[in-house]
There are 2 protein chains.
Amino acid sequence: MRRGIVQVVAGLAVVGLLSGTALAQTQPKPEDIKKHETSPGGQYEPSLDVLQQEKTTTPGTKPGVPTLTKAEFEAAKQIYFQRCAGCHGVLRKGATGKPLTTDITKKLGYDYLKAFITYGSPAGMPNWGTSGDLTEEQIDLMARYLLNEPPQPPEFGMKEMQATWKVLVPVDKRPKKQMNDLDLDNLFSVTLRDSGEVALIDGHSKKIVQVLKTGYAVHISRLSASGRYLYTIGRDAKINLIDLWMDPPQTVAEVKIGIEARSVETSKMKGWEDKYAIAGAYWPPQYVIMEGDTLKPLKIVSTRGMTYDTQEYHPEPRVASIVASHYRPEFVVNVKETGHILMVNYEDIKNLTVTDIEAERFLHDGGFDSTGRYFLVAANARNRVAVVDTKEDKLVALIDTQGIKPHPGRGANIKHPKYGPVWVTSHLGDETISLIGTDPEGHPEYAWKVVETLEGQGGGSLFVKTHPNSTNLWVDTPLNPEAEIASSVAVFDVNNLEAGYEVIPIGEWSGIGEGVRRVVQGEYNKDGTEIWFSVWNAKEQESAIVVVDDKTRKLKYVIRDKRLITPTGKFNVYNTRNDIY
Amino acid sequence: MRRGIVQVVAGLAVVGLLSGTALAQTQPKPEDIKKHETSPGGQYEPSLDVLQQEKTTTPGTKPGVPTLTKAEFEAAKQIYFQRCAGCHGVLRKGATGKPLTTDITKKLGYDYLKAFITYGSPAGMPNWGTSGDLTEEQIDLMARYLLNEPPQPPEFGMKEMQATWKVLVPVDKRPKKQMNDLDLDNLFSVTLRDSGEVALIDGHSKKIVQVLKTGYAVHISRLSASGRYLYTIGRDAKINLIDLWMDPPQTVAEVKIGIEARSVETSKMKGWEDKYAIAGAYWPPQYVIMEGDTLKPLKIVSTRGMTYDTQEYHPEPRVASIVASHYRPEFVVNVKETGHILMVNYEDIKNLTVTDIEAERFLHDGGFDSTGRYFLVAANARNRVAVVDTKEDKLVALIDTQGIKPHPGRGANIKHPKYGPVWVTSHLGDETISLIGTDPEGHPEYAWKVVETLEGQGGGSLFVKTHPNSTNLWVDTPLNPEAEIASSVAVFDVNNLEAGYEVIPIGEWSGIGEGVRRVVQGEYNKDGTEIWFSVWNAKEQESAIVVVDDKTRKLKYVIRDKRLITPTGKFNVYNTRNDIY
């Protein structure tokens, strides 16, 4: 069953979805690329006329560093932001991808960089050239760009946020009760990645209720505790606040909280429902607390600081996932590069109390155990999961997952016949599915240990999923290089895990013939009786959502609609707001 | 009695003592300097041959910016660090002094900068040229240097700290009891500024017990809660841990926690005595928690972040004063440029909890009220005092002091006949002495208000002082431009404040004839029966300490010793460790 390390051959869309997780940490050494020989100093050896030319005429240049025109530099900066920054970081310090600072790129040299960008690597670097995503000219440009110092993007403080903040429908102009007749708890918010939209889909009729313009490549949707407000955050750091009580639901406020972002969450503690929203930015490295019903930015906190282990200053510690604690009036803010988990208490914003938990570097996404007390978060490039007790605000454990690059999404909580409540993650880098014991009271001997590993279809998995009313454990593999695996999912019987998995050919069931038909992110309906999968094709191709009956594992419905452009993440209102997974 | 704004004519030594407080915020416009006319763009008009020459031959130059050779740049960097950074900041963003970023310096232009450095300003900029502290060549160099982008000094993380950390006498080799027969509680630790030493002086015999090599220009001495360990921190960020139980007392450990620093403190909460030390750095902007008895660095926390008010990112929020709370296991860390007061809880260093109180920008030094519950800290360039309730970890008040640039040191707590317990600060910028009510229980109508102002001798005051056993309030004026005022102190009768002050001619009493004889920082002995003043002359001149009988206000003793080089701050062991002032 073992199919080896995932070889990502995906283009822009895939990398965008991954949002910084897919590209590999391993030193790239593709066998079909002859490593460019460099002198010990790693001097760039110019081979292009344009460089020779500009080198002698432009003041401010350094020997061995190619000069870009202003227009070239701007173009390269844009490409870098769109396709490279997610994994390598804005300042190129590296995270899921390797560092690309000029001390390193100059050693690698122009030819090596060009070839590597063109062909990619089996360890996760996409083949931007042979995939056709970048032209030869663009690749030449990027190789030259990488030999120059990275530009530091501008700061984005309160003044900049306030300039982007719009309340489209003031609070007092909004309805006092639900005006539509939707079953809001069974509504799905679906990211339409490349069109910069979300589709709201009725869980019963499977019809699109509304398509709303949002930020680009919405990373997640989150629900206010009451279930009334839906928050989306684009990769461009734009937040939409959508009032689900309106008929039809619509955006009532928006704000941009930075230049690049991934996370948004709302206050869920009793007494604080719907009061605050929080968003985390990749650039600038900071988080922002906002009014929950207007998105008015209230407090910005920088995350720049020291790595938790070597205690050296890092200029770009990006905010990865954020969740809201159920045990305290706190947000759990995961800082990627430095490995800190911040418990941000929102009781008193002017006198903000934060408990800074030393965890592990490269924190990414995670979820709660079934009780909601423990938060488990992947430190992906360290192959670990950190566990935080949100009641005591302490690190409980750091667990080696026994796989390569854990990517749990929010994970899946199953009741294991032997080990009791366990939390599950799959991996980006291999086929391992790891089960971690989460019951220190009832099953102390298994708590915070990998109690069992399963073999899935292969690497390239992004999400596992189950539901309290289900005995199925679903595992996607959208980034697996084999089309058959990428377009299908594996499903295990929780009560008979040793039997292995059944393959469900979701792509085939969709009825779509074209494209890779990557199947991504199972999401349950409210009752846990059906699970929805996105069949995700490129922007110009047809995509779909396939609904599977959970009990029978048979096809129930296919949502095909020309508005369904590049659907990826889906967020059921009830399950999302109650952290059911 | 009003003698106007202080005109600082002091040289290096004065600026060093001030440690970032003396230079004025006011836009400098000395009348005897013709403002250099610049075009709207503020282009530099080169008038020196060397600039013209280098401009055309050196790559990497920008039009209008003079080039410095590597050696010149290094020399200028050193001068800037020694004489300018304290007030203007390493990155030249400004604090007590004006910003000197290149957008501003280029508008001012070379000639203006040169003249201004030479002649100073009445608002606080020293006259580096006419005082003879800088040569004409050095001033030319500095004017050119300021037109270039400031270099960012290196980071100083755990690796760098560990490389400087030395335990000279391991804990198990230290005595188990006091080995000398000193009355440690009445020992004084005296900064010998320019020699990079402290002198330990016996409070009874007035003899120097020991002179110990320390960092440069020790800013403060602090005592561990037990009174056994003395910590000093130099402006060069070097900390000495001195074991007072040894015979003679000696340095048992040292560490450097950055490149520039001002503050050190130790854990004082019941159960945590002597356990931790903390130090705050100006550069890099960070604080460090260390083992109390070895100085082993444990945890470094960056203070880079957002200004509390405009919420924009600041790259250099320096750590000013730090005190230890008596109500919680917390350090109170005052962050200057961004105006945050950090309540750093040291119960669990690995899961560090910090309450970040929005206060006021340009926090500097301060002290507790008489109960030890409230901490009052000057936001000097904002003419305010911020009050924090260390029991509740909240900001209680922001008070306009009605003077210019409050500089309390730790302040003075007197029992006012009408207003009850009040805390006193004098001012750098004028002769105002402000009394602030501190008794919300007994005198709620006066709490956190300036209840009375007194007129002192003039501006240029650094420290006020009293003692619970005294009814005198002493006010120094070492930075006053008038020699008579700088070399004397004013003393008020707390029970008859309206009677005004008596002038005590400390400088004259010292018997020293040469020098300005600046009289600085009164410090009481343990019992509060005598007060010691430093008579501070330049390095090559004689200095002294004058001891005054508190009851009679008469001369009691003059300490003259050739080892007493540039004495400034004095720290009585008992009063310092118990926050008595």
Requested in this report: Could you please give the count of residues in the range B:290-303 that are within 13 Å of chain A (Cβ to nearest Cβ), among the hydroxyl-bearing types (Ser, Thr, Tyr) and in a loop (DSSP other than H, G, I, E, B)?
Outcome: 1
Query raised in the report: Condition test on B:GLU254, is it farther than 22 Å from B:ASP369 by Cα, part of a loop (DSSP other than H, G, I, E, B) and more than 11 Å from every other protein chain (Cβ to nearest Cβ)?
Result: no
Query raised in the report: Is it the case that A:ASN572 is open to solvent by 10 Å² or more (accessible area, probe 1.4 Å), farther than 18 Å from A:GLY460 by Cα and at pLDDT 95 or above?
Result: no
Query raised in the report: Among the residues of the range A:528-549, is any touching a residue at least 24 places away in the same chain (Cβ under 8 Å), open to solvent by 10 Å² or more (accessible area, probe 1.4 Å) and within 23 Å of A:ASP369 (Cβ to Cβ)?
Result: no
Query raised in the report: Would you say A:TYR276 is among the aromatic types (Phe, Trp, Tyr) and crowded, with 23+ Cβ neighbours inside 10 Å?
Result: yes
Query raised in the report: Since A:LEU395 meets every condition but one in (1) within 14 Å of chain B (Cβ to nearest Cβ); (2) under 20 Å from A:ARG361 (Cβ atoms); (3) in a loop (DSSP other than H, G, I, E, B), which condition does it not meet?
Result: (3)
Query raised in the report: Inside the range B:128-151, can you point out the residues that are under 23 Å from the mean Cα position of the chain (by Cα) and among the polar types (S, T, N, Q)?
Result: B:SER131
Requested in this report: Filter the range B:179-237 down to residues that are among the small types (Gly, Ala, Ser) and within 20 Å of B:GLU291 (Cα to Cα), then give me how many there are.
Outcome: 8
Report summary line: Within the range A:323-357, residues polar (S, T, N, Q) and more than 9 Å from every other protein chain (Cβ to nearest Cβ) come out as A:SER325, A:ASN334, A:THR338
Query - B:ARG577 vs. criteria within 16 Å of B:ALA199 (Cα to Cα), open to solvent by 10 Å² or more (accessible area, probe 1.4 Å), in contact with a strand residue (DSSP E or B) (Cβ under 7 Å, 6 or more places away or on another chain) and of a type outside the set (Gly, Ala, Ser) - result: no
Report task. Mind listing just one residue for me: the one in the range B:149-183 that is open to solvent by 70 Å² or more (accessible area, probe 1.4 Å) and within 15 Å of B:ILE239 (Cα to Cα) and, of those, nearest to the other protein chains (Cβ to nearest Cβ)? Result -> B:GLN162
Query raised in the report: Checking B:LEU295 against (1) touching a residue at least 60 places away in the same chain (Cβ under 8 Å); (2) crowded, with 21+ Cβ neighbours inside 10 Å; (3) within 24 Å of A:SER302 (Cα to Cα), which test does it fail?
Result: (3)
Requested in this report: Tell me which residues, restricted to the range A:405-421, are over 19 Å from A:ASP476 (Cβ atoms) and touching a helix residue (DSSP H, G or I) at 6+ places or on another chain (Cβ under 8 Å).
Outcome: A:LYS415, A:HIS416, A:PRO417, A:TYR419, A:GLY420
Query raised in the report: Residues of the range A:457-475 being touching a Ser or Thr at 6+ places or on another chain (Cβ under 6 Å) and without any contact (Cβ under 8 Å) to a residue 60 or more places away in the chain, which ones?
Result: A:SER461, A:VAL464, A:VAL475
Query raised in the report: What number of residues within the range A:464-483 are at pLDDT 95 or above, open to solvent by 10 Å² or more (accessible area, probe 1.4 Å) and charged (D, E, K, R)?
Result: 1
Query raised in the report: When the range B:337-371 is examined, which residues are found to be under 21 Å from B:ARG222 (Cα atoms), open to solvent by less than 10 Å² (accessible area, probe 1.4 Å) and not in a strand (DSSP E or B)?
Result: B:TYR346, B:ASP369
Query - Filter pass, B:TRP448 being open to solvent by 30 Å² or more (accessible area, probe 1.4 Å), under 24 Å from A:ASN351 (Cβ atoms) and more than 14 Å from chain A (Cβ to nearest Cβ) - result: yes
Report task. Output the residue which, of all residues in the range B:184-214 that are among the acidic types (Asp, Glu) and assigned to a strand (DSSP E or B), is surrounded by the most Cβ atoms within 10 Å (Cβ to Cβ). Result -> B:GLU197
Report task. Being assigned to a strand (DSSP E or B) and within 14 Å of chain B (Cβ to nearest Cβ) is the filter; apply it to the range A:257-289 and report the residue that is farthest from A:VAL323 (Cα to Cα). Result -> A:TRP283
Report summary line: Taking the range B:398-413 and keeping only residues that are open to solvent by less than 10 Å² (accessible area, probe 1.4 Å), in a strand (DSSP E or B) and closer than 12 Å to B:ASP369 by Cβ, one is left with B:ALA412
Query raised in the report: Of (1) in contact (Cβ under 8 Å) with a residue 60 or more places away in the chain; (2) surrounded by 19 or more Cβ atoms within 10 Å (Cβ to Cβ); (3) within 14 Å of chain A (Cβ to nearest Cβ), B:ALA381 satisfies all except one. Which?
Result: (3)
Query raised in the report: In the range B:304-322, which residue that is without any contact (Cβ under 8 Å) to a residue 40 or more places away in the chain and either assigned to a strand (DSSP E or B) or more than 9 Å from chain A (Cβ to nearest Cβ) (or both) is nearest to B:LYS350 (Cα to Cα)?
Result: B:GLY305
Query raised in the report: Among (1) open to solvent by 10 Å² or more (accessible area, probe 1.4 Å); (2) modelled with pLDDT of 95 or more, where does B:PRO315 come up short?
Result: (2)
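The values are calculated or read from the model by the stated rules, or taken from the named source; none is laboratory data. Quick caveat: nothing in here was measured; it's all calculated off a predicted structure. Cβ: placed from backbone, ideal geometry, glycine included. Neighbour counts: every protein chain shown. Accessible surface areas use protein heavy atoms only, side chains included; no ligands, DNA or RNA. Shrake-Rupley method; radii C 1.70, N 1.55, O 1.52, S 1.80 Å.
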